[in-house]
Amino acid sequence: MSLTPELELIRKEVEGYAREYGLDFFEVIFEILDYEKLNEVASYMGFPTRYPYWRFGMEYEQLQKSHTYGLQRIYEMVINNDPAYAYLLQCNNLVDQKLVMAHVYGHVDFFKNNIWFSQTNRKMMDEMANHGARVRRYMEKYGEEKVEHFLDCSLSLENLIDPHSPFIKRREEKFRYDFQEEEEEKTIRKLKSEKSYMDRYINPENFLESQRRKLEQEAEKRRRFPENPERDVLLFLITYAPLENWQLDVLSIIREEAYYFAPQAQTKIMNEGWACATGDSLVVTEKGLRRFDDLVEAGEKIRVDGGPGVSTHLITDFHRETQVPTLRITTRRGLTLEGAVGHRVLRADGSWTCLSEIKVGDLIAIACGSKVWPEEKVRLDFIPSPLNPILKDVAASAEASRATPGLHRKGQRIGDIATERAEPGDPPGRVKALATQDRLRVPEFLDEDLAYILGVFIGNGNVTSSGMGVTCQNEVDAKELSRQMEATFEVPTRVKTSPPEGAEKYPTDERWGVEVHSRELKRLLTSLGIGLGARPQDQTVPEAILCSPCTVVSAFLRGYFDAEGYAGEEGITLSGRSRELIKIAQLLLLNYGILSTQRPQGKGSWRLEISGQSAARFLNSIGFSRTAKRQALERYVASHRRLEPEDNADPVVSIEPGRADVFDITVETSHAYVANGFINHNSYWHSKIMTQKCLKDSEVIDYADHHSGTLSTRPGRVNPYKLGIELFRDIEDRWNKGKFGKEYEECDDLMEKRNWDKKLGLGLQKIFEVRKIYNDVTFIDAFLTEEFCREQKLFTYKYNEQTQMYEIQDRDYKKIKDSLLFSLTNFGQPFIYIIDANYGNRGELYLHHRYEGVELRIDYAKDTLRNLYELWRRPVHLETMVGGKAVLFSFDGKNHEEKRINGLVQLNALGHEET
């Protein structure tokens, strides 16, 4: 039956969380089954329709009795298909259903993206039904007993496949091999000799021997078939065994299904355990505009803007990738964003899209009017320089008149105190001017007055050897700025005028300015992040401004627009040489709800244009201090009161490929953040989804109880659920903290390694990489560490017959790892190869067991040889090791034979390459 309305709501919730975490999966269709029906489907390996066979009935009986007696319980099943199918147990409570759904989406993401599943049939649900229909048809035509007997023989060989063959071309395709009668022995060709007595010199014995060996090798090569050892025994039988057409079809069905299930066996541990922008992107946070790379480097879990109408939410994780392919999109308004090709942004229609899916002309949503600002002003940690004493201070310290220090500086004698204070290394008789080191009043916080002056200086400031200056358009503006600076810093200023360049052409023009002779003021500006020596095109907004509240940012922008802005009939225009300044100003304005457009202006300059309703918002939120500009803007707004609402969507005008380091964050609840004016989606799985998303407070205890049962491990056994999820967690933690690489491995300090934390934030990136290209063997080999074994209490166990208990056999990490790898390699099955299909030149089949320290079960081997004979229909042989001796087992259709041989064939000598 389909999901109930309540479960459907839960499914949508879990699916949403899974996608927000960056999982990419096929559509999933959930079905609810009672335990009898679920056991039935499970006995068919998850497929509702299979061919009739007695083994499926035995599986059902085992599952049914195990469930009845409480020995095991199936919570869920999921099928690798497109769409994927998943089954829920009807009697599960809601906590279990949430857990199962989260688990399923993790599985399906793995099915879709792991390379070992990439060659599987994605329509296997239909294919299995087709297989069932074909086998039923053969049973009707040839009889159930005959077909079932052939199934018995074929299924006993289903593990004799080559799991790597879908990715490697082993050999050229052939369809039949014609077994030939043995040729007459060829004679050795000698070199021609004119004189018989010269023959032993022209054809010496060593030459003849080498020619004889070549002939023997060529004959052996002609006799040996296949030319190279063949691991895919089923394919070899399909191609060369003398079978009827229906038998070939059934054997092909067995082989196809074996290859479909192989990746699940290869990735059982991993499967159970199982997008970004560049660093210069500016993210809107509760602490202001922050560069992405700085935010990730700091690892500061603060709240970020999720877009207009969305409250701020907390960063929960950080993510970084190095030197990945990127795409940079630019919109008509000049907004730019560079990110990984899979990075997602919000379209104007409310849908999420990857950068790789965007085309020129597509409308992208612009984050306009979020109004997310820091609440506290930035504290200034400026430390003033120690001031040289002035004469009145020296006189007061010496309890002398003000004239006394002056007399001393002219060479006359005064008290020792005055001498010490008035002569800090200066020669007698020199009168020192100290105006450039007047005491500077520095506010405790970056306030509105200081922010305004910074804005003016960014726009029209210049640096002198003894201080700074600001250019103004007229005397009134210069005097007003002079007053503001004196009130803010409590240092004297000077208003001056000078003829501009080309004054002989425009004699009535004058250039006004304000000068401040204070080296302390220069130090203050430098401490605030203003590059005094930077070129105009390299100027940027000080970081302290970006981290300031709205009123302070407004004052800065007002000063900047007073200096470089213009108001007229077209609205507001801001000009400048620095595109970075223009870009950041545009992003700051967006937070107010003010839309603007960047345009190149020629000669390396840029301008920012504001018009329509955004100009009115600028007037109300920021405005001009300069009277003429303010009045011009008021006139513009008054004449444009009936304007259509502005569109927050912006079309893409260019897309450029590149390569760069990229960064991302995980944001709780909204899973979105604003950066560079765009709304971005953040970029692990059933437990992460459950514990961080789905669970209600009342469900935590039930979840912990049920999940702990799933993850429990008995001594001597490996629980893939437990090992997979814990190893993924360990990978995430290690790559977040930088616990990898040469530096970490060579660290000898135990405490330093235990507390190692480089704050790299690469955990999620590494997990997605592992999910894509590893299987269980490579997963364990690459990531199972000694520390992990110790923490998870992974030891090798052995059953003690005397105590009748499992006891720890070995704590050696390498032996533990080797034991795990050995049990996982080839699914724990033996490696069997066909090395000769014309053994003895009689068409007999000769197989080789690649011995790796574990002997074959003799009874199993003999039964397999019997079934293999049924298909090959000629004697079959298998060489292996028994008791340290090489043994050849043979079956001729009637009798089994066992004999000692000199040794096993070396596969490398036959041209076999290990995989």
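The values are calculated or read from the model by the stated rules, or taken from the named source; none is laboratory data. None of these values were measured; they are calculated from a predicted model. No Cβ is skipped: glycine too gets one built from the backbone with ideal geometry, and neighbour counts run over all protein chains shown.
Taking into account only those residues within the range 877-892 that are of a type in the set (G, A, S) and modelled with pLDDT of 90 or more, which is nearest to Y846 (Cα to Cα)? Selected residue: S890.
Take V516 and decide whether it is modelled with pLDDT of 85 or more and outside the structural domain of S548 (by TED's automatic domain parsing). Considered against the rule, which asks whether it is modelled with pLDDT of 85 or more and outside the structural domain of S548 (by TED's automatic domain parsing), V516 comes out as no. Looking at G576, G604, just one residue is more than 37 Å from the chain's Cα centre (by Cα), surrounded by 23 or more Cβ atoms within 10 Å (Cβ to Cβ) and of a type outside the set (F, W, Y), and that residue is G576.
For the range 744-772, a residue qualifies if it is in a helix (DSSP H, G or I) and surrounded by 12 or more Cβ atoms within 10 Å (Cβ to Cβ), and the qualifying residues are Y744, K753, G763, L764, Q765, K766, I767, F768, E769, V770, R771, K772. Tallying residues that are outside any helix (DSSP H, G or I), modelled with pLDDT under 70 and of a type outside the set (K, R) within the range 53-79 yields 7.
Of all the listed residues (A638, A632, A616), the sole one being among the small types (G, A, S) and in contact with a helix residue (DSSP H, G or I) (Cβ under 6 Å, 6 or more places away or on another chain) is A616. Looking across L856, L820, one residue alone is at pLDDT below 90, crowded, with 19+ Cβ neighbours inside 10 Å and not assigned by TED's automatic domain parsing to the domain that holds I238. It is L820. The set of residues from the range 868-889 being crowded, with 19+ Cβ neighbours inside 10 Å, within 51 Å of the chain's Cα centre (by Cα) and over 15 Å from A837 (Cα atoms) comprises just one member, T880. Go through the range 845-862 and give me each residue that's more than 43 Å from the chain's Cα centre (by Cα) and among the aromatic types (F, W, Y). Answer for the range 845-862, where residues must be more than 43 Å from the chain's Cα centre (by Cα) and among the aromatic types (F, W, Y): Y846, Y860. Scanning the range 597-625 for residues that are more than 14 Å from G571 (Cβ to Cβ) and in contact with a Phe, Trp or Tyr (Cβ under 8 Å, 6 or more places away or on another chain) returns Q598, P600, S621, S625.
Among the residues of the range 469-483, the ones that are crowded, with 18+ Cβ neighbours inside 10 Å and either under 52 Å from the mean Cα position of the chain (by Cα) or among the polar types (S, T, N, Q) (or both) come to 6 in all. Scanning the range 457-494 for residues that are in contact with a Lys or Arg (Cβ under 9 Å, 6 or more places away or on another chain), under 18 Å from V541 (Cα atoms) and in a helix (DSSP H, G or I) yields a total of 0. Only one of the numbered conditions (1) at pLDDT 70 or above; (2) farther than 23 Å from P48 by Cβ; (3) not aromatic (F, W, Y) is violated by E183, and that is (1).
The set of residues in the range 95-133 being surrounded by fewer than 16 Cβ atoms within 10 Å (Cβ to Cβ) and either modelled with pLDDT of 80 or more or not in a helix (DSSP H, G or I) (or both) consists of S118, Q119, K123, D126, A129, N130, A133. Scanning the range 134-165 for residues that are in a loop (DSSP other than H, G, I, E, B) and among the aliphatic types (A, V, I, L, M) gives L157, L160, I161.
Of everything in the range 509-531 that is of a type in the set (K, R) and surrounded by fewer than 19 Cβ atoms within 10 Å (Cβ to Cβ), the residue that is farthest from A451 (Cα to Cα) is R511.
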